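Engineer: If you scroll down you'll find the structure; I have some questions about it.
Since every read-out is calculated from the coordinates, none of them should be taken as a lab result. None of these values were measured; they are calculated from a predicted model. Positions of Cβ are backbone-derived with ideal geometry, glycine not excepted, and every protein chain shown enters the neighbour counts.
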Amino acid sequence: MTFTTSLRHPDEADSALGTWFKTYAPWLLLFSLVGLLYGIAEYIPWAFKYPREWVIPLRFWISDAVKWLYNDATFGLFTFKEFTRGVSWVLEWPLTLAKSLLSTGFLQGQGSDAVVVWPRLAWVALTACAVVVALAVADIGLALLVAACFLYLAVFGQWESAMVTSSSIVIAVPLGVAGGLALGIAAHRHPIFEKILTPVLDLMQTVPVFAYLVPILVLFGFNPVAAMIATIIYAMPPMVRNTMLALHRVPAEIVDFGHMAGCSKRQMLWKVMVPSARGGLMVGVNQVIMLSLNMVIIASMIGAGGLGRDVLTALRRLNFGAGLEASIAITLIAIALDRVSHAFAHKPPPVHGKNARIFLGSNPYLSIALLTIAGTWALGPVLPAIQTYPENWQVTTGPMVNDLMQWLNVNFFDTIEAVKSWLLINAMIPFKRFLLSLPWIALVAVVALSGYRLGGAKLAVLVSCLVTFIAVTGQWPKAMVTLYLVGISVFIASIIGIPIGIWSARHERADRVVKVIIDTLQTLPAFAYLMPVVMLFRVGDFSAMLAVIAYSLAPAIRYSNLGIRQIDPALIEAATAAGCNRRQLLWKVQLPLALPEIMLGVNQTIMLALSMLVITALVGTRDLGQEVYIALTKADIGRGLVAGICVAFIAMTADRLISPWSVRRKKLLGLE
Amino acid sequence: MDIRDSAPKKVKLSCSNLWKLFGQGADRFLSTNKNPSHQAVVDAGLIGAVRGVNIEIHEGEIFIIMGLSGSGKSTVVRCLSRLIEPTCGEILFDGSNLLEASAKELIEIRRHKMGMVFQHFALLPHLTVLGNVAFPLEIQGVDRKTREQRAIEIIELVGLEGREAYYPRELSGGQQQRVGIARSLAVEPDIWFLDEPFSALDPLIRREMQDEFLRLQSVLKKSIAFITHDFDEAIRLADRMAIMKDGEVIQVGTPEDLVMRPATEYVAEFTKDVPRAKVLTVMSIVHDAREGHAYDNFVLATDKIDAVAERVLDAKHGFGVQDESGRIIGEVNQEDVTRILIGRG
Ligand SMILES: Nc1ncnc2c1ncn2[C@@H]1O[C@H](COP(=O)(O)OP(=O)(O)OP(=O)(O)O)[C@@H](O)[C@H]1O
Ligand SMILES: [Mg+2]
């Protein structure tokens, strides 16, 4: 921008003014209209506050429809209710099996009379197996990390809960992968199906999780199977996307070769396409694992036991000691699984002479694992410490953490409170009031005009419909509270993240440190942020904001870093040769060129902030997220879905406005 | 004039009036416009990748399709193998209409009668050399022992023995293409398609692979459709060749035909720097044999002049010329050979 203006010939000043006018005139017009709106506010109250009588009772319609579906709908041979029961029944089998193996042991009999006929996997055996897997896919470093994670579970008394959680994960992940693979393959084969699936995936990835917990709760009840279904649905979309992408990226020549070798459809898929796409598919598997773990706590709201329930209970009772240990346990499992699956996905390509297969054939790793399992089974009855980690060897930091909290509260309560109140009173609350006072119709107009400038009439219609939906369904005030929290969090995350990203892109050593930090931040499940924040700042908007900032910081850093880095080095050299100092270089060359990428980062930050914000409903916000959460506790499908869709629509509006801007800007700068 | 014409060969694969237009409404456009010009196709917003091509590939010959990038070579071969459906035209393979083959028949034809080699090798990264070469047989359901035995034989044939257990990534480009060649030969195809098989290799290796290819062909005698955009490669390998431009074939003939009698300016432009001695055969400078003269030395009528020049020029006496059956059909003299060598064809 700066270049072009300074390079312009004086003769062009006229036309420059013309362009300026063309660009800003519509905005001036719009803002004067809004001003006018305020002038005649008394006569048109409906423009400011959407009248209650005009609200479309969509949520009741949805609830009624589901009620009908559940009570009366039949598919001829069976009713809908029988269908959902059937699904539960089918899924219960593998879940029970996994639970027996990892947690309860194989039981005979019912309830409290049940006797263990075959013990579960000993903690020593399971730890050994995990270490062996880590050794097989990577190196001793990863093996040590995995060992440390498992030891933590045992030593800090998290083993029992962790096994309950794991038994759900080990079933949910393969099912999510298989389902995602199947859908991805179908979409790859039938372009029409892909066209239908893509917007559904878009919606699923922006609708907050809570929103579809509600229907699952109503249809499948409050139990571990329902929780697992929710986990699978939540974790599957990235697998579908990655499958489509990976199959699409198989080189055309390889596809041609498959045809020329005379492959049948099935051979083509399983012998040519899937093996060639392995790398991309494994990225999907990794994401399924991570999302499943992200779901652990949320799933406990509809009946999953284990670590998730421990954290949730602790959070509700404000018992931070217990909650923190369970939170850390989830985080450690997430890190261990992420590293192992990541190592597996990026395993160096096979080399001749080495055994390329990992778990098949004569393989030392497998033998070791089997030996430990057999050994512990044999020794278990004699040495119970091998079977179950003895309770009196356990350590807990719970009381210590609680003491620390007490101490912090006694000594720093006033300081923390002061900072918090100051921010609340001077920044947060005024901003919230301002947003709530805005006429809804003006906001729709602003969004529509932005859409029109960025992507023409089609985009304008789309985004204004999305925003109007929020007003029409009566969610406007709650949406404004959401907007206020997201806005302020994204703003702060950006002013922290973007400078860090830029700074690290310009300093090699800083870059390495920052990269490790971001990678860790991105593997932490959303809930991990909640516990410490609430410990220090209590419940409320302020805590929610902090958790949202922490959760959504990573993309702001990552994208700014990338934006600076991908600038053509020749350009930097040219600018340096022209006499730019480092400061000028940054402001006049690097920043303008990196801006489109930075904005994509902000876009991602907004997406993450919205998904986190819904979760912070647990710490007492009063926005759309809370609406969904309340719907969940009341099992009110319509209420939950409508509020959830509103959140999704806010996310989509932001995305549809920022992405095209960034793409256009990149084209203009010749970056693509 | 040409000996080859005297004994007409069986046609293995042929196409007539083959069209392939890319873009929307290609079918409709072609059914309303018979024989549209290049410009007409472009004006209709379509891409005329193949326009009215007629070629015949004889049994046991190397037929080269040569043209610049984008001239439609790959598209012709992809039509001939039915990897894509032509917009219209007829393709005869062993005398039967390939375009009428059902999906099932097509799979059978490809499994047993066609082999293809790709520019970027298209090896499967998760299989070893052995696994890759045996893959087409695996697809046919041949049992493991038989197919690996067969694969080992072919790997030996292409000179890769000892590398059976390597993965494609561990091989050089030339070696990878040898695997590609071995794989395409595993099923003993009747027709062998090679789409710029050596273009991704550096010049020295390319030369070596061409020699290797000629050696293989002298043993195997396949019917071959070979694509290249490199004219030197074409004249080195071709029995006959077709030159393509903008989707059309502008001339088909032996390298000698193209050099001596270019059909258009375009062909002439291509061939003008080609050393004559490399394309002309002894046949083109043969004189009547001297009555009653007994020759001590002979050259074949089909030999390239380049290949025999040294022998002819070093000799004291003239050389007799024989045809393939050993009949004496004339003689060559040193002046003619020198004239061709210095480029005054
Ligand atoms: N699937 C397709 N869709 C649209 N146009 C295509 C498609 N495939 C090829 N073309 C076009 O058809 C023309 C001929 O392409 P083709 O690949 O046959 O050329 P080629 O002679 O093999 O060139 P190269 O030497 O680059 O491989 C080109 O203009 C190409 O852009
Ligand atoms: Mg080509």
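Engineer: Return the inverse of the average 1/r over all pairs of distinct C-alpha atoms in the stretch B:63-151, which is the Kirkwood hydrodynamic radius, in Å to one decimal.
Structural biologist: One decimal place: 15.3 Å for the Kirkwood radius.
Engineer: Sum up the charges of everything whose Cβ sits under 9 Å from the Cβ of B:Leu300, counting Lys and Arg as +1 and Asp and Glu as -1, but leave B:Leu300 out.
Structural biologist: Net of charged neighbours comes to -3.
Engineer: Using every pair of alpha-carbon atoms in the stretch A:156-349, split the distances into 10 Å bins beginning at 0 and state the percent of pairs per bin, rounded to integers.
Structural biologist: Over the stretch A:156-349, the share of Cα pairs per 10 Å bin runs 9, 31, 31, 18, 8, 2, 0 percent.
Engineer: Indicate, rounded to the nearest 5 percent, the antiparallel portion of the DSSP beta bridges found entirely in chain B.
Structural biologist: DSSP beta bridges in chain B are roughly 55 percent antiparallel.
Engineer: Can you list residues from other chains, or at least 5 along the same chain, whose modelled amide H is less than 5 Å from the amide H of A:Gly221?
Structural biologist: Placed amide hydrogens put nothing under 5 Å from A:Gly221.
Engineer: Sticking with this structure for a sec: What do the square roots of 5 times the Cα gyration tensor eigenvalues come to for the stretch B:1-146, in whole Å, largest first, as semi-axes of the equivalent ellipsoid?
Structural biologist: 31, 21, 16
Engineer: If you project the alpha carbons of the protein assembly as shown onto the principal axes, what extent comes out on each, in Å, largest first?
Structural biologist: 126, 92, 69
Engineer: Something else about it: Helix-only estimate, please: 222 nm mean residue ellipticity of chain B, summing -39500 (n - 2.57) across DSSP H runs of length 4 or more and dividing by its residues, to the nearest 500.
Structural biologist: -11000 deg cm²/dmol
Engineer: Of all DSSP beta bridges in the stretch B:278-341, what percent run antiparallel (nearest 5)?
Structural biologist: Restricted to the stretch B:278-341, the bridges split so that about 65 percent are antiparallel.
Engineer: Please list the helices of chain A that count as membrane-span-like by this rule: a mean Kyte-Doolittle hydropathy of at least -0.5 together with Cα atoms stretching 27 Å or more along the helix axis, each helix being a complete DSSP H run.
Structural biologist: Passing helices, by number: A:13-39, A:80-99, A:159-189, A:224-248, A:320-345, A:398-423, A:476-506, A:541-565, A:591-615, A:637-668.
Engineer: What do the square roots of 5 times the Cα gyration tensor eigenvalues come to for the stretch B:226-272, in whole Å, largest first, as semi-axes of the equivalent ellipsoid?
Structural biologist: That gives 14, 13, 10 Å for the three semi-axes.
Engineer: Which of B:Tyr266, A:Tyr50 has the fewest other C-beta atoms within 10 Å, and how do the rest follow up to the most?
Structural biologist: B:Tyr266, A:Tyr50
Engineer: Give the range of the longest stretch in chain B that excludes all GluC sites (Glu not before Pro) found in loop regions by DSSP and having at most 14 other beta-carbon atoms within 10 Å.
Structural biologist: Longest site-free region, per DSSP loop and neighbour criteria: B:1-160.
Engineer: Quote to one decimal, in nm, the extra length available between B:Asn297 and B:Arg339 on full extension: 0.36 nm per residue of separation minus the C-alpha distance between them.
Structural biologist: Answer, rounded to one decimal: 13.0 nm.
Engineer: So what does log10 I(q)/I(0) come out to for the stretch A:379-444 at q = 0.14, 0.28 Å⁻¹, using the Debye formula with one equal point on every Cα and no solvent?
Structural biologist: Cα-only, vacuum Debye calculation for the stretch A:379-444: -0.70, -1.08.
Engineer: Based only on Cα atoms, what mean projected area does the convex hull of the stretch B:278-341 have, in nm²?
Structural biologist: Over every viewing direction, the Cα hull of the stretch B:278-341 projects on average to 3.9 nm².
Engineer: Using square roots of five times the C-alpha gyration tensor eigenvalues, list the equivalent-ellipsoid semi-axes of the stretch B:150-279 in whole Å, biggest first.
Structural biologist: Square roots of five times the eigenvalues give 31, 15, 13 Å.
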